[in-house]
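The values are calculated or read from the model by the stated rules, or taken from the named source; none is laboratory data. Just so it is clear, the structure is predicted and the values come from calculations on it, not from any experiment. Neighbour counts are summed over all protein chains in view; Cβ atoms, including those assigned to glycine, are modelled from backbone coordinates with ideal geometry. Side chains are part of the model used for accessible areas, which takes the heavy atoms of the whole protein and leaves out ligands, DNA and RNA. Shrake-Rupley method; radii C 1.70, N 1.55, O 1.52, S 1.80 Å.
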Amino acid sequence: HAVDLQPSKVYRLAADILELSLDQARRSAPAEVRGVVTQSTDAGLVVQDHTAGIWVYWDRPDDFAPGDDVEVQGVIDPGLYAPVVKAMAVQKLGHAALPKPRVVDFKQLSTGDYDGQYVSITGSVRSAALRKGASRKQKLWLRIAMDQGSVDATFPAEDTPAAAKLIDAVVTISAAAMCTKNENRQIT
């Protein structure tokens with residue numbers, strides 16, 4: 001009875017991780033991804049390398065902000081919708097320019113294909129409100145009307161005074177796209 005002592009492949013590119021099947025992602029293969037933070041929330045980070053953006057579970061998001069150049073070491077996990085990295089260590093290496101955002105419309109966002117990707121949208125601000133139970137970093141929610149539908153953009157609570165002045169304004173927002181998911185791994 002031979003034992004397989006061959007080490008697991010180390011995944012270094014976000015796009016390679018995102019291409020894994022559900023079964024492959026469940027194998028907890030090692031990941032070492034270097035990129036720029038495009039989003040920091042209470043649940044983790046979005047890190048984008050030159051291939052794609054990827055969700056990284058990290059329990060100390062206040063350690064990092066958009067524009068931080070980081071190296072993530074962890075294991076791959078199936079995630080709630082697409083493969084993600086469960087970080088064991090995240091090291092800040094310095095500061096980097098944010099990637100050029102991909103201009104997308106509502107229909108493109110609705111597919112889920114841009115979940116975790118750095119995108120840019122343009123639309124009209126219809127409302128601004130503080131959301132009960134949301135983290136400080138995502139407490140302020142702006143409803144943005146786009147052709148074919150509306151999306152919500154989240155901001156820190158301290159941006160509330162400025163947001164009130166944006167009602168009915170046309171805005172362009174560049175950020176990591178995030179979709180709401182259910183327990184069946186579906187976009188809601």
Out of everything in the range 19-50 that is closer than 28 Å to Ser174 by Cβ, hydrophobic (A, V, I, L, M, F, W, C) and in a loop (DSSP other than H, G, I, E, B), what residue ends up being modelled with the highest pLDDT?
Leu20
Failed criterion for Gly53 (all others in (1) surrounded by fewer than 16 Cβ atoms within 10 Å (Cβ to Cβ); (2) farther than 24 Å from Ala157 by Cα; (3) modelled with pLDDT of 95 or more hold):
(1)
Residues being assigned to a strand (DSSP E or B), open to solvent by less than 90 Å² (accessible area, probe 1.4 Å) and not basic (Lys, Arg): count how many of those fall in the range 164-188.
6
Could you check how many residues of the range 80-128 are part of a helix (DSSP H, G or I) and open to solvent by 90 Å² or more (accessible area, probe 1.4 Å)?
1
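How many residues does the range 130-159 contain that are part of a strand (DSSP E or B) and over 26 Å from Lys107 (Cα atoms)? Outline the logic, then answer.
Here is the first cut: in the range 130-159, the residues part of a strand (DSSP E or B) are 130, 140-146, 149-155.
Next cut, over 26 Å from Lys107 (Cα atoms) only: 130.
Residues in the range 130-159 being part of a strand (DSSP E or B) and over 26 Å from Lys107 (Cα atoms): 1 in total.
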Looking at the range 64-72, can you tell me whether even one residue there is buried (at least 21 other Cβ atoms within 10 Å of the Cβ), over 16 Å from Ala177 (Cβ atoms), in contact (Cβ under 8 Å) with a residue 24 or more places away in the chain and in contact with an Asp or Glu (Cβ under 9 Å, 6 or more places away or on another chain)?
yes
